[in-house]
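Have a look at the structure below before the remarks.
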Amino acid sequence: MLTVPIGSKCVIDTVKGLKSSLLEALDNSSEGVLLDVSHIEEIDTAGIQLFVALFNEVEKRKIPLKFKGPMKEKVLEQFQLSGVRYGEQING
Amino acid sequence: MDKRFIETFIEESRELLDSMEKELLALEEEPEDEGHIQAVFRAAHTIKGSAAMFGFQEISEFAHAFETVLDEVRSGDLEISRDLINLSLQGKDHLRDLLDATRSDGSVETDTALRNTGNSIIESLSRISGTEKKREEKQIVASAAETSDEKPPQKEESTYRISFKPRSDIFATGANPLLLIRELHDLGRVTVFANLADVPCLSEIDPETLYLGWEILLTGGFEYNELRDVFIFVESESDIVIQKLKSSDYIDSRGEPKRLGEILVDSGILDPKELKSLLESQKLIGQRIEDAGLADKSEIESALHVQEHFKKSRIQAQGQQGSSTLRVSSQRLDQLIDLVGELVTVQARLGQISSDVGEENLLSISEELERLIDDLRDNAMSLRMLPIGSTFSQFRRMVRDLSVDLGKEIELKTIGEETELDKTVLDKIHDPLVHIIRNSADHGIELPEVRKKAGKEATGTITLEAKYSGAAVMIIVRDDGRGIDPAAIRKKAVQRGLLDSEEQISDEDVYQLLFAPGFSTAEAVTNLSGRGVGLDVVEKNIQSLSGSVTIQSEPGNGTSFILTLPLTLAIIDGLAVSVGSDTIIIPLASVESCMEIQSHELDQRRRLISYRESLIPYVHLAGFLDIPEQQSSRKQMVIIETSHGHLGILVDEVLGDHQTVIKSLGNMFKEQKCFSGASILGDGSIALILDINGLVNTMDTEALGQDAAG
């Protein structure tokens, strides 16, 4: 299983780059991807939306997706604020 | 600070002030319409914020004080009165003055007078709001005295449902919707559902576009306006529906709070059947979360309801959504038009050369290029077209102020605001319209008591109407005032030597005399209803736009000024004709038909020809312009439509249509009235553009002269 680290920033300025690196990882690993979310310091609406899109993608391709956490409290809080209920799921 | 930012700030603030004025006037008419005060408040609020950001302390402070009073109006603490609207308009004017004093280097040059004006407006505003408050306080004291044993009322809690769907490009504005949701938490208890239905999968997503939407329930003891203020800066970029829920909407019979899904079904937003089919079709999304054990079924149902609701509201909103726009300075547009003009001219040369050479390939390329340039021209010209509504709305304030000053009751009605005109034309008709409307208000509309005596409504009406008429636009300023008596003008004209006492002319022509320079001066005001003061200037301005102005009036019932203006001043479709060795362009919009004619068919003495079973006058252009004509018995007659009816123009040959880039003739030729400009032909030679109205007027004068001589 391929481990993909997500940097400290998952925000509008970085989502484009994140999208390409995530797609690349998915393309190269059929047996699954392990996403390291423990280093995220900052996330905004665009970042959260990218996670939703990632969920949709793995669902479609049937690629197992696991997370390496835990996510920082303040990041989790952003998920809760947004009403996107994936934060808890990511944190396992 | 970057100069451009400051310029943008000033420009945007000016626009906001324009809309503020419009909304204030609308507010006066419809005080119960909440939208108007919201818009006024938003404008003041935005100006305050941006001014503070750019360090324009004085503007920001004034806007803040202004906004405070507006907020009282908004929350219903302050009643809308004429005084309040007057003061608010003054406040708006003062903000404009402050902006005008703002220099692009970021400093504001305010003098004491300006500062004093600002202070006195604020003082007056706070006096109004102060008195209202005191009155209210008294009432409270009075009611408190009656029920002194009761505790002051607790702020009641209410629940709102907020559908929030920002526009997909909202990230570009720097907005982060999460911050707004966080702000909502400050107001009360919040339940947020994100609508994920539109988020595509990773390979398809544009990560910088927003696909998410939110459905939010908020309960707390806050003011409705506080809730609105959270969204104030994203309102124009979002679909926001705020709905207050009744307690029965969200508490079930057991006193338990209902699920969001139930609420939505109960409040009629969603049909239970729709919900079922939706559950089936979107099982995947729900299943995924359910499998993860994160949410129970009813919660998923709720979320699905929300999604469906978003879809519905989006369909409704689609009609209202404005297309995205781009701000471009008019200078750059002018440059574009100039370039297109050059292109048209060069194309004309290419067309000429390729037809001279007669090479088939070259000809077909030239024709294709011509078609493309035609489209390009139409496109470029349409960029400069603006609806006349913005010009009309500027007069609302003027009429209002005039009616206050004159002690009259005047209503301004506008028709055809969507009619589009070239920006240059729009800019130039502003002053003439001011003049005409001022005249109508001042001298046309009677005082209320006079109107009542005459059996009219006390409120007079000035109607501004714009409509298309061929390639021209007609702007009509109509009042239902006292009208103009043609006999009085006749008398005056005879006195002035403009008219022979024996001469019989139509009423329409009589009214036209009002445009004669210096015809009506102050002493004529009383007996001529004051019309005609400076009207020669109006006519001159309109004529400089190749337009015309006429007057129709019915004594006792009112007067209409009818302005006919060309749609554009830059490039027109023309009909090229030859007279002798010269080429002359006739604006195609005026041309009705062309016919071939033999010299012997012409009635050369009376200069009349028969056209569609009636006799119409014609002008022998070569003779009129004193150009030697071509020796041929066959001629062409171009029939044009003028404000005075049909007119024939006898020319040697009709060459065909010509895209005419109008070049002005310069000061040297400003005295001549027959040509409105010139254009460059394909072979590089120059063709003069016939000014139809000028020609008709010149002909009239010459005909009169000839008749007098004969």
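The values are calculated or read from the model by the stated rules, or taken from the named source; none is laboratory data. Since the model is a prediction, treat every value here as computed from it, not as a measurement. Cβ coordinates were reconstructed from backbone atoms using ideal geometry, including for glycine residues, and neighbour counts include every protein chain displayed.
So residue A:29 ticks every box in (1) in contact with a helix residue (DSSP H, G or I) (Cβ under 8 Å, 6 or more places away or on another chain); (2) modelled with pLDDT under 85; (3) more than 12 Å from chain B (Cβ to nearest Cβ) but one. Which box is left unticked?
Exception for residue A:29: condition (1).
Looking at A:12, A:40, A:6 in this structure, which one is closer than 21 Å to residue B:173 by Cα, at pLDDT 85 or above, among the aliphatic types (A, V, I, L, M) and surrounded by 15 or more Cβ atoms within 10 Å (Cβ to Cβ)?
Only one candidate qualifies: A:12.
So which residues in region B:181-228 are more than 7 Å from every other protein chain (Cβ to nearest Cβ), in a helix (DSSP H, G or I) and either in contact (Cβ under 8 Å) with a residue 12 or more places away in the chain or touching a helix residue (DSSP H, G or I) at 6+ places or on another chain (Cβ under 7 Å) (or both)?
B:183, B:184, B:187, B:224, B:225, B:226, B:227, B:228
Go through region B:162-180 and give me each residue that's in contact (Cβ under 8 Å) with a residue 60 or more places away in the chain, part of a loop (DSSP other than H, G, I, E, B) and facing chain A (nearest Cβ under 10 Å).
Start the filter on region B:162-180 by keeping residues that are in contact (Cβ under 8 Å) with a residue 60 or more places away in the chain, which leaves B:162-167, B:169-170, B:173, B:175.
Still in the running and part of a loop (DSSP other than H, G, I, E, B): B:167, B:169, B:175.
Scanning region B:162-180 gives a single hit, B:175.
Within region B:22-36, can you find the residues that are over 21 Å from the mean Cα position of the chain (by Cα) and assigned to a helix (DSSP H, G or I)?
B:34
Within region B:433-455, does at least one residue satisfy the condition of being exposed (fewer than 15 other Cβ atoms within 10 Å of the Cβ), under 26 Å from residue B:334 (Cβ atoms) and among the acidic types (Asp, Glu)?
No, region B:433-455 contains no residue that is exposed (fewer than 15 other Cβ atoms within 10 Å of the Cβ), under 26 Å from residue B:334 (Cβ atoms) and among the acidic types (Asp, Glu).
With B:405, B:422, B:442 as the choices, which residue is free of Cβ contacts under 8 Å to residues at least 12 places away in the same chain and at negative phi?
Of B:405, B:422, B:442, the one residue that is free of Cβ contacts under 8 Å to residues at least 12 places away in the same chain and at negative phi is B:405.
Residue under question is residue B:54, and the condition is that it be over 28 Å from the mean Cα position of the chain (by Cα) and not β-branched (Val, Ile, Thr); does it hold?
Yes; evaluated as a whole, the condition is true for this residue.
Across region A:64-92, what is the total count of residues that are surrounded by 18 or more Cβ atoms within 10 Å (Cβ to Cβ), at pLDDT 85 or above and within 10 Å of another protein chain (Cβ to nearest Cβ)?
4
Need at least 2 residues that are more than 21 Å from the chain's Cα centre (by Cα) and modelled with pLDDT of 90 or more per element, so show me which helices (runs of 4 or more DSSP H) inside region B:344-458 make the cut, counting only ones lying wholly within it.
The helices (runs of 4 or more DSSP H) meeting that bar are B:360-383, B:448-453.
Would you point out which residue out of B:76, B:91 is crowded, with 22+ Cβ neighbours inside 10 Å, outside the structural domain of residue B:400 (by TED's automatic domain parsing) and over 22 Å from the mean Cα position of the chain (by Cα)?
Result: B:91 is the single residue among B:76, B:91 that is crowded, with 22+ Cβ neighbours inside 10 Å, outside the structural domain of residue B:400 (by TED's automatic domain parsing) and over 22 Å from the mean Cα position of the chain (by Cα).
From the list B:142, B:101, B:113, which one is surrounded by fewer than 11 Cβ atoms within 10 Å (Cβ to Cβ), in the same structural domain as residue B:11 (by TED's automatic domain parsing), modelled with pLDDT of 65 or more and hydrophobic (A, V, I, L, M, F, W, C)?
Answer to the check: B:113.
In the same structural domain as residue B:693 (by TED's automatic domain parsing), in contact with a Phe, Trp or Tyr (Cβ under 7 Å, 6 or more places away or on another chain), among the charged types (D, E, K, R) and farther than 25 Å from residue B:562 by Cα - does that describe any residue in region B:595-611?
yes
Can you say whether residue B:6 is at negative phi and touching a Leu at 6+ places or on another chain (Cβ under 8 Å), as far as the supplied structure shows?
Considered against the rule, which asks whether it is at negative phi and touching a Leu at 6+ places or on another chain (Cβ under 8 Å), residue B:6 comes out as no.
Tally up the residues in region A:43-63 that are among the aliphatic types (A, V, I, L, M), more than 7 Å from every other protein chain (Cβ to nearest Cβ), part of a helix (DSSP H, G or I) and crowded, with 22+ Cβ neighbours inside 10 Å, please.
Selection size over region A:43-63: 1.
Which condition number does residue B:46 fail, the rest of (1) over 18 Å from residue B:76 (Cβ atoms); (2) under 21 Å from the mean Cα position of the chain (by Cα) being met?
The number of the failed condition is (2).
Among the residues in region B:558-577, are any among the aromatic types (Phe, Trp, Tyr), in a strand (DSSP E or B) and outside the structural domain of residue B:670 (by TED's automatic domain parsing)?
Step one: list which residues in region B:558-577 are among the aromatic types (Phe, Trp, Tyr), which gives B:561.
If we keep only those that are in a strand (DSSP E or B) too, we end up with B:561.
When the remaining residues are screened for being outside the structural domain of residue B:670 (by TED's automatic domain parsing), the result is B:561.
Yes - at least one qualifying residue is present in region B:558-577.
When the residues of region B:602-626 are filtered to those that are surrounded by fewer than 15 Cβ atoms within 10 Å (Cβ to Cβ) and under 20 Å from residue B:697 (Cα atoms), which remaining residue is modelled with the lowest pLDDT?
Result: B:606.
Kindly evaluate residue A:12 against the criterion of being within 30 Å of residue B:164 (Cα to Cα), within 7 Å of chain B (Cβ to nearest Cβ), in contact (Cβ under 8 Å) with a residue 24 or more places away in the chain and part of a loop (DSSP other than H, G, I, E, B).
Working: within 30 Å of residue B:164 (Cα to Cα): yes; within 7 Å of chain B (Cβ to nearest Cβ): yes; in contact (Cβ under 8 Å) with a residue 24 or more places away in the chain: yes; part of a loop (DSSP other than H, G, I, E, B): yes.
It is true that residue A:12 is within 30 Å of residue B:164 (Cα to Cα), within 7 Å of chain B (Cβ to nearest Cβ), in contact (Cβ under 8 Å) with a residue 24 or more places away in the chain and part of a loop (DSSP other than H, G, I, E, B).
Can you tell me how many residues in region B:645-687 are under 17 Å from residue B:593 (Cα atoms) and either under 32 Å from the mean Cα position of the chain (by Cα) or surrounded by fewer than 21 Cβ atoms within 10 Å (Cβ to Cβ) (or both)?
Summing the residues that are under 17 Å from residue B:593 (Cα atoms) and either under 32 Å from the mean Cα position of the chain (by Cα) or surrounded by fewer than 21 Cβ atoms within 10 Å (Cβ to Cβ) (or both) in region B:645-687 gives 8.
Out of B:58, B:11, B:7, report the one residue that is in a helix (DSSP H, G or I) and touching a strand residue (DSSP E or B) at 6+ places or on another chain (Cβ under 6 Å).
Going through B:58, B:11, B:7 in turn, the sole match is B:58.
Under 9 Å from the mean Cα position of the chain (by Cα) and not aliphatic (A, V, I, L, M): which single residue out of A:32, A:47 fits that description?
Only one candidate passes the filter, namely A:47.
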